Structures are given as C-alpha cells and as structure tokens.
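Below you'll find the structure, written out as structure tokens, and then a few comments.
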Amino acid sequence: MQLDFFPSRTLTIYMAKAFVVRILAVLVMLVLVLLALDLLSATGDILTPEGNGQAEIIRYASLRIPQLVSRFLPYSVLLATLITLVTLNQNSEVVAMKAAGLSAHQVLAPLLLTAALVSVISFAFNERIVTRANSALKAWEAVDYGAIPADSGTRSNIYLTDGSNILTAATLSGTGDQTTLSGVTWYERGPTGIIREQINAASATYTAPGWRLENPVRFDVGGAETQTVSGLVVGETLTPEQIDFQSIDPDGQSFWELSETIDAYEAVGRRTSEMRASWWHRLSGPLSALLMPLLGSVAAFGLARSGQLFVRAVIGMALGFAYFVVDNAALAMGSFGGYPPFLAAWAPFFLFLLVGETVLVRTEE
C-alpha cells in the first residue's frame, strides 16, 4: 500500500470532490467581494463619458472578472486546502486514514492531483481569456472608458524614445502609414537630460518622416510660458514599424506570441529580461496551485484535541501567503534585471516546494 499513490478510488473521489467544491466556493466569494469593491471605485470614471451607462459597467465587470479569477485562484486553492484539511482533522478522518496505513503523501494525493488539474486549467484560462481581457481593458482605460473602434488593433500606454527626446501616447491605432496616436505628449530634452519643452496634442498622424501633432500646445519649462503652435512635426526618426516594435504589452500577449516577441527583440539586441521573466512566470504562476496542498498540509496532522489545530491552520496560511510575497518580489527583481529571469520565476516555487516537504515530514507525527 505504501507504494500506491492512490490506494483507494473511493477515498480519492471523496476528497477530490470536497476539495473542488471548496475551491469554487472560496473563489466565487473572493471574486464577488473584490469585484464589488472595484466597481465602487471605478463606476464614477466609467460613467463620466457621455452615453456610458449600465452596459459599460457590465462590460467593465466582464473584463475584470477574468483578471480577478486568474490572480486569486491560487489563494482560493490555499484557503480551500486549509478548510478541507481542518474539517478532515476535526472529524478524525485523517486519523482513520493513518490507521488504515496511509502515509502523509497518500493522504494529500487527491488534493495534489486536483491542484495539478487546476494548474493546467489556470494556464489555459490565462492564455485564452485573461490575455485578451488585459489587452481590451488597458486600451479602454487609456481612453478614459470612451469609445474604441471595433477591431482597431488599439494598444495603450505607448512610450518611445527619439534620441534623448521622449514621445508618449495614451493609445495607438491603425497600422503602417495609417497609424494614429492619441493623447500625445512630446518631451524635448537638452544635452544634460533636463526637459526643456513639453508639447501636448490630442492626436498625431504619420507624415513620413515624423509625426504631425494636431493642435499642439507647447510649454517652455525654462520660461514657464504656454503657447499654441501649428504645423509641428516631431519624432522624425520614429517610423510606424519602430513603434509597433516598441509598444509591446507582455500581459496582452499569449505564451506563444510572447515567445516570438522575445526572439524578435533578442535578434536586434534589445533588452528582454522583463518579458523573459514574464514568459517563465506564465508557467510557474499556474503551478503555484500545486504548492498549496503541500504548504497547507500542516493543518492535516496532529490531534485536533491537542488545541493546536487553529495554530496549525494559521501556520499553513502564513506559509502560503509567504510564497506569494516572495514570488512577487522575485518577479519584480527579475523585471529590473536584479535576478536572471529563470531564477526570478522558478526559485520561489522550488524553495517553497522544499519548505512544504520539510514541514510535511516534520509535522506528520
């Protein structure tokens, strides 16, 4: 029996069903509460543009729900693990399983199998739904929840450099010579890097070369003077192809699209540490659900009548949340180049895998 990972089919189905029900219940609760809080803060901005109403609020909610599900699914697995194991312990079911000859890993096997399936589903959900929701919501937020032409290929938060000067835009739409920028700001810097002029314009169109600003307003930093100018063209070295190449949003691309983007960046010698860390995290992130039963297993073992069950549950929760803190910190360090991308994405996973195994072995008795 010790070599059989799933010694009882009935027990495996029983524990897996209980675990799945609790994951779904916790996830629905978290998503509904967080969505309600998010809508309280965002509804005013959504209704500001003329013509926006209930349909736009529902649209915002439909775009936020996939993001919330993706972000809080691992937390749901952690909390469901603790609820399931505490319940089994209180009802002496863990004692019965141990008395039947099951090891600690065999007790956790149904939960680990369920968590592995959740990881696979999470990866597919992120690739097929969350990336599209990220792209659509960022583009909509960039125009302050106004109207976006359908299938325009709009991208948001454009940041480009032309030598020492900087061109930013809220959104980019169109392709090739038909590319249009909106919410444009041009920063002209001097030899020392200090900004000398700031020029704001509602939009900019490509004129080959350069970008013609519509109704630009120039602010002279040195003289603190503002004036309206006409016929102004900036960024003459920036072409639509360069802008397409620079305005990449990793969160809006699928795993395979991001792979192609990284290859294209590396081919021309561009920095890819941030995208590479995000690429690796597309794999390690969903697998975090697989760690939660292991980290929460401390709540399964030990006699409930000893009075330490609550303390064990708190320890399991602390281990789970510690993983998320370390994971986010490592990913941030990888994005800034402090850690190699592979290490930033995978080191927290393997570190807490060892921690979970150690805690499981030490607390089994």
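The values are calculated or read from the model by the stated rules, or taken from the named source; none is laboratory data. Quick caveat, the model's predicted, so the values are computed rather than measured. So basically every Cβ, Gly included, is an ideal-geometry build from the backbone, and we count neighbours across all protein chains shown.
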For the stretch 265-279, indicate whether the set of residues that are at pLDDT below 85, surrounded by fewer than 16 Cβ atoms within 10 Å (Cβ to Cβ), of a type in the set (Gly, Ala, Ser) and not assigned by TED's automatic domain parsing to the domain that holds ALA109 is non-empty.
-> yes
The one condition in (1) of a type in the set (Phe, Trp, Tyr); (2) modelled with pLDDT of 90 or more; (3) farther than 23 Å from LEU85 by Cα that PHE324 fails to fulfil | (3)
Condition test on SER76, is it polar (S, T, N, Q), assigned to a helix (DSSP H, G or I), free of Cβ contacts under 8 Å to residues at least 60 places away in the same chain and buried (at least 16 other Cβ atoms within 10 Å of the Cβ)?
-> yes
Where in the stretch 145-193 are the strands (runs of 3 or more DSSP E), entirely inside, with at least 1 residues that are at pLDDT below 70 and of a type in the set (Ser, Thr, Tyr)?
-> 155-162
Within the stretch 320-356, which residues are among the hydroxyl-bearing types (Ser, Thr, Tyr) and closer than 18 Å to LEU73 by Cα?
-> TYR323
Long-range neighbours under 8 Å by Cβ, at least six apart or interchain, first residue within 13 Å of LEU37 (Cβ to Cβ) and in contact (Cβ under 8 Å) with a residue 12 or more places away in the chain within the stretch 54-67, second part of a helix (DSSP H, G or I) and of a type in the set (Gly, Ala, Ser) = ARG64/ALA133
Go through the stretch 194-220 residue by residue and tally those that are over 13 Å from THR179 (Cα atoms), in contact with an Asp or Glu (Cβ under 7 Å, 6 or more places away or on another chain) and buried (at least 18 other Cβ atoms within 10 Å of the Cβ).
-> 2
Picking from ASN89, ASN126, ASN134, ASN52, the residue that is assigned by TED's automatic domain parsing to the domain that holds HIS281 and part of a loop (DSSP other than H, G, I, E, B) would be ASN52
Lone unmet requirement of (1) outside the structural domain of SER92 (by TED's automatic domain parsing); (2) modelled with pLDDT of 90 or more for LEU353 | (1)
Restrict the check to the stretch 158-167 and report whether at least one residue is surrounded by fewer than 20 Cβ atoms within 10 Å (Cβ to Cβ) and under 30 Å from VAL359 (Cα atoms).
-> no
